[in-house]
Amino acid sequence: MANLKALRSRITSVKSTQKITKAMNMVAAAKLRRAQDAVEASRPYAERMERVIGTLASGMEGRDDAPELLAGNGKDQRHLIIVATAERGLCGGFNTNIVKRSRLLIEELKGQGKDVQVLCVGRKGRDALRRQYGSLIVDTIEFGGIRNVGFEHVQPVAQRVLKMFGDDEFDVAHLVYSKFVSVLTQDPTVLRLIPAQVAQDVEQPDLEGAAYDYEPDEEGILRELLPRNIAIQMFRGVLENAASEQGARMSAMDSATRNAGDMIDRLTLEYNRQRQAAITNELIEIISGAEAL
């Protein structure tokens with residue numbers, strides 16, 4: 001059983017931890033608001049880009065001159081998995097859930113006899129995967145020194161992926177990230193980047209019987225849009241991750257603060273009991289000594 005001095009030290013230590021977790025909760029709440037605004041602002045653009053590509057792709061069905069970023073290179077053996085995680089921890093199960101979803105995808109592809117490579121965007125993904133899949137990791141890209149990751153930071157990553165595809169280093173590329181739903185809910189998501197994942201329920205415009213042509217043609221527009229779409233979807237994933245990370249951290253730090261409060265109450269109760277017992281023993285000794293005289 002701990003003595004009074006040890007209990008006082010533990011209570012002081014837990015109170016200090018509680019102050020830290022409470023401060024981190026407040027910081028995460030402030031960052032979450034900005035990150036959520038950024039996500040909500042990016043979604044319409046990314047979704048509109050998907051619809052435009054889907055509309056154009058419907059006119060390219062069955063054509064031999066379809067861009068490889070849309071139709072693929074005709075092979076499905078080598079897969080690149082881009083695992084986007086955070087640079088820091090202390091955010092609940094945010095990183096763990098992304099890594100878990102990535103492991104499931106890796107094992108699923110390996111079970112089908114596919115060759116798998118992993119490109120980690122974020123230090124935590126590399127740290128979690130390198131023990132089991134270290135030989136599959138081709139590189140790690142970190143944004144640790146950047147306070148607010150912007151499109152200009154994500155674009156070089158997209159260009160590198162495009163270069164790897166152009167150099168015939170993989171056939172299919174997947175992006176694994178966490179879609180922000182709410183402070184309590186983040187959904188680990190797999191998005192196929194190459195070939196482009198075209199929505200099947202694209203609503204075609206009502207032309208009232210009129211015919212129309214593209215200028216330039218569908219192929220020319222797609223050759224311009226598809227590389228940009230890779231960067232847009234990756235940037236969207238990074239923004240979704242940023243909001244999900246802060247939401248998970250806010251929830252985790254709130255739980256940690258409440259747990260610290262419960263621990264302080266238990267330790268304080270134990271301290272008071274032991275202190276009362278020590279006082280009672282001293283009184284008994286004094287009374288016993290007085291009676292002996």
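Tabulated values for the structure
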{"read-out": "Strands (runs of 3 or more DSSP E) wholly inside the range 50-163 that include at least 3 residues being surrounded by fewer than 18 Cβ atoms within 10 Å (Cβ to Cβ)", "value": "137-141"}
{"read-out": "Every pair of residues 6+ apart whose Cβ atoms lie under 6 Å, when the first sits in the range 181-199 and is at negative phi and without any contact (Cβ under 8 Å) to a residue 12 or more places away in the chain while the second is in a strand (DSSP E or B) and surrounded by fewer than 20 Cβ atoms within 10 Å (Cβ to Cβ)", "value": "V181/D187; D187/K179"}
{"read-out": "Looking only at the range 193-211, and only at residues there that are among the hydrophobic types (A, V, I, L, M, F, W, C) and modelled with pLDDT under 65, the one that is surrounded by the most Cβ atoms within 10 Å (Cβ to Cβ)", "value": "V202"}
{"read-out": "The range 12-43, subset of a type in the set (S, T, N, Q) and without any contact (Cβ under 8 Å) to a residue 40 or more places away in the chain, residue farthest from R88 (Cα to Cα)", "value": "T12"}
{"read-out": "When residues of the range 4-19 are limited to those that are surrounded by 15 or more Cβ atoms within 10 Å (Cβ to Cβ) and of a type in the set (A, V, I, L, M, F, W, C), the one farthest from E270 (Cα to Cα)", "value": "V14"}
{"read-out": "Cβ-Cβ under 8 Å pairs, at least 6 apart or on other chains, the range 122-135 side on the phi > 0 side of the Ramachandran plot, far side modelled with pLDDT under 90 and hydrophobic (A, V, I, L, M, F, W, C)", "value": "G122/F143"}
{"read-out": "Residues satisfying the stated conditions in the range 168-186, i.e. over 20 Å from K75 (Cβ atoms) and surrounded by 14 or more Cβ atoms within 10 Å (Cβ to Cβ)", "value": "V176, Y177, S178, K179, F180, V183, Q186"}
{"read-out": "Residue in the range 229-245 that is in contact with a Cys (Cβ under 8 Å, 6 or more places away or on another chain), part of a helix (DSSP H, G or I), modelled with pLDDT of 90 or more and surrounded by 20 or more Cβ atoms within 10 Å (Cβ to Cβ) present", "value": "yes"}
{"read-out": "Flag if L80 is within 26 Å of M164 (Cβ to Cβ) and in contact with a His (Cβ under 9 Å, 6 or more places away or on another chain)", "value": "yes"}
{"read-out": "In the range 136-153, the residues that are hydrophobic (A, V, I, L, M, F, W, C) and either under 17 Å from A41 (Cα atoms) or touching a Pro at 6+ places or on another chain (Cβ under 8 Å) (or both)", "value": "V149, F151"}
{"read-out": "Unique match (being surrounded by 14 or more Cβ atoms within 10 Å (Cβ to Cβ), assigned to a helix (DSSP H, G or I) and over 25 Å from the mean Cα position of the chain (by Cα)) among E291, E270", "value": "E270"}
{"read-out": "Residue in the range 212-222 that is aliphatic (A, V, I, L, M), crowded, with 20+ Cβ neighbours inside 10 Å and modelled with pLDDT under 90 present", "value": "yes"}
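The values are calculated or read from the model by the stated rules, or taken from the named source; none is laboratory data. As the structure is a prediction and not an experimental result, all values here were calculated from the model. Positions of Cβ are backbone-derived with ideal geometry, glycine not excepted, and every protein chain shown enters the neighbour counts.
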